[in-house]
Amino acid sequence: MAEKDLGYRRVQCTGRGSYIISLPKEWVQDIGLTRGSEIAFNLEPDLSLTLVPRKIREKTGEDISKLKEYYISVDPEEDISSTLRMIQALYVISADIIRVHFRGGDTDVSKCKSEVKNFVKENFLGAEIIDETTDEVTLQILVKHSEFPIEKAVRRMVIVTLASHRDVILALKGGNKELFENIISAQHDAHRLGLYIVRQLKFGIEHNMYRELGFKTPKEFLLYRIIVNDIKDIGENAINVMNNIIAVQKLVDDQLLFFKEPIDEEVHVQLLNLNALAHQLFEDATKAMFKRDYNDAENLIPKRQSYVKLENELIRLMSSKKMDPNISAIVRLVLDSCRRILDYGQDIAELTLNRTVEELCASFAVK
């Protein structure tokens, strides 16, 4: 149907403070609306509204309340890793139900089903196995953005990841199995939260639901996608340092490497101090982002530059100590990780400036 101008309608206010507007009679009759008919209101990026009658939306399959269901057929003799990546991709693109059908003998099917169920349990937040037969597993993602908002998920991801990074520095003094298990567990939690956040962001973009997710403009999707990548990188660095510590510790246990103490005490104290400052800067940057506070974000940028002196002092201190080369290499990995956290904090602060500068400048009155 060609575009048609139906004129203007005046907005009216009822006694209860509600705003109403009448619908064009010609339009109502053309699409068959009657008393009690439901109309969906879609908010567009330019703040205009699109009105879509419920029956038209359901007819065109645009009703977002309808569950998105997908089907995967798996050959148990093939590498299961490919199937697991496909399931993860479907989770990220906001699939609601995923049915995984297995072909082949009972033994192979049983093993593959077990791997799929374990993968779902370990990696997906809010996913449950709702049905299982001899040759099929059905999982459904039950958690919704309204139940666990993106901002809350990001906050939790920051806390978990920074805690694991702090633990790995403590492990330099002599790690134990329990501490390493905590670091690995924290990384798993951060991974699950990261996938969940990306899933919700993609859902919001697809359905233009940025306001429902707590954003003022669609451009803010990019900001949150960047911070998820930064947090993920911090966690991966912590795991990398932990693996290096375990490797050195194994050499000591096998009596292939000998030293009096794992790390010089003075170096360790200064490393913990720089790490604490890096974590604080990153946390402050995320808080400024959540609050949309331009001034707080602005104050963090020069603070980042002031820490360069501390980094250089720590490097000079390390050079003056007669540390074992293996330990020195790990300490430099930790130092590089702390430097990245500081840089990520500055990046988030700068993105917050970009996010809020229009509002700030537009509010200034010209005198």
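The values are calculated or read from the model by the stated rules, or taken from the named source; none is laboratory data. Worth saying up front: this structure is predicted, and the values here are computed from it rather than measured. Ideal geometry is used to build each Cβ from the backbone, glycine not excepted, and the neighbour counts take in all protein chains shown.
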Legend entry - Criterion violated by Gly194 - all others in (1) out of contact with any Lys or Arg (no Cβ under 6 Å at 6 or more places or on another chain); (2) buried (at least 19 other Cβ atoms within 10 Å of the Cβ) satisfied: (1)
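For segment 216-228, check the following and say yes or no: at least one residue is farther than 26 Å from Ile327 by Cα, in contact with a Pro (Cβ under 8 Å, 6 or more places away or on another chain) and assigned by TED's automatic domain parsing to the domain that holds Tyr344. Working first, answer last.
Step one: filter segment 216-228 for residues farther than 26 Å from Ile327 by Cα, giving 216-228.
When the remaining residues are screened for being in contact with a Pro (Cβ under 8 Å, 6 or more places away or on another chain), the result is 217-218.
Within this subset, residues satisfying the condition of being assigned by TED's automatic domain parsing to the domain that holds Tyr344 are 217-218.
For segment 216-228, residues farther than 26 Å from Ile327 by Cα, in contact with a Pro (Cβ under 8 Å, 6 or more places away or on another chain) and assigned by TED's automatic domain parsing to the domain that holds Tyr344: present.
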Inset, instruction - Return yes when Val158 is in contact with a Ser or Thr (Cβ under 9 Å, 6 or more places away or on another chain), assigned to a helix (DSSP H, G or I) and at pLDDT 95 or above and no when it is not. - result: yes
Legend entry - Number of the exception - Arg166 against (1) assigned by TED's automatic domain parsing to the domain that holds Tyr344; (2) in contact with a Phe, Trp or Tyr (Cβ under 9 Å, 6 or more places away or on another chain): (2)
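Inside segment 302-335, can you point out the residues that are part of a helix (DSSP H, G or I), of a type in the set (D, E, K, R) and touching a residue at least 40 places away in the same chain (Cβ under 8 Å)?
Taking segment 302-335 and keeping what is part of a helix (DSSP H, G or I), we get 302-306, 308-320, 325-335.
Narrowing the set further to residues that are of a type in the set (D, E, K, R) leaves 303-304, 309, 311, 313, 316, 332.
Result: Arg304, Glu313.
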Legend entry - Pair list, Cβ under 6 Å, 6 or more apart: segment 355-367 residue assigned to a helix (DSSP H, G or I), other residue modelled with pLDDT of 60 or more and of a type in the set (Lys, Arg): Thr356/Arg292
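If you take the residues of segment 123-147 that are within 10 Å of Ile97 (Cβ to Cβ) and not aliphatic (A, V, I, L, M), which of them is surrounded by the fewest Cβ atoms within 10 Å (Cβ to Cβ)?
For segment 123-147, the residue satisfying everything is Asp131.
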Inset, instruction - Consider Leu272 carefully, then state whether it is in contact (Cβ under 8 Å) with a residue 40 or more places away in the chain, within 23 Å of the chain's Cα centre (by Cα) and surrounded by 14 or more Cβ atoms within 10 Å (Cβ to Cβ). - result: no
Legend entry - Condition met for Leu201 (of a type outside the set (Val, Ile, Thr) and either over 23 Å from Val120 (Cβ atoms) or outside any helix (DSSP H, G or I) (or both)): no
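Just to check your reading of the model, which residue among Arg199, Arg99 is under 22 Å from the mean Cα position of the chain (by Cα) and of a type in the set (Lys, Arg)?
Arg199
Quick one: which of Ser37, Ser22 is out of contact with any Leu (no Cβ under 9 Å at 6 or more places or on another chain), part of a loop (DSSP other than H, G, I, E, B), outside the structural domain of Asn208 (by TED's automatic domain parsing) and at pLDDT 85 or above?
Just one listed residue meets the conditions, Ser22.
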Legend entry - Those residues of segment 40-82 which are at pLDDT 80 or above and β-branched (Val, Ile, Thr), in sequence order: Thr50, Val52, Ile72, Val74, Ile80
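Name the single residue that is farthest from Val198 (Cα to Cα) among those in segment 135-145 being assigned to a loop (DSSP other than H, G, I, E, B) and without any contact (Cβ under 8 Å) to a residue 40 or more places away in the chain. Walk me through it before giving the result.
Our first condition is that a residue be assigned to a loop (DSSP other than H, G, I, E, B); within segment 135-145, this holds for 135, 142-145.
In the following step, the residues that additionally are without any contact (Cβ under 8 Å) to a residue 40 or more places away in the chain were identified as 135, 142, 144.
Values: Asp135: 30, Leu142: 16, Lys144: 13 Å.
Filtering first and then ranking leaves Asp135.
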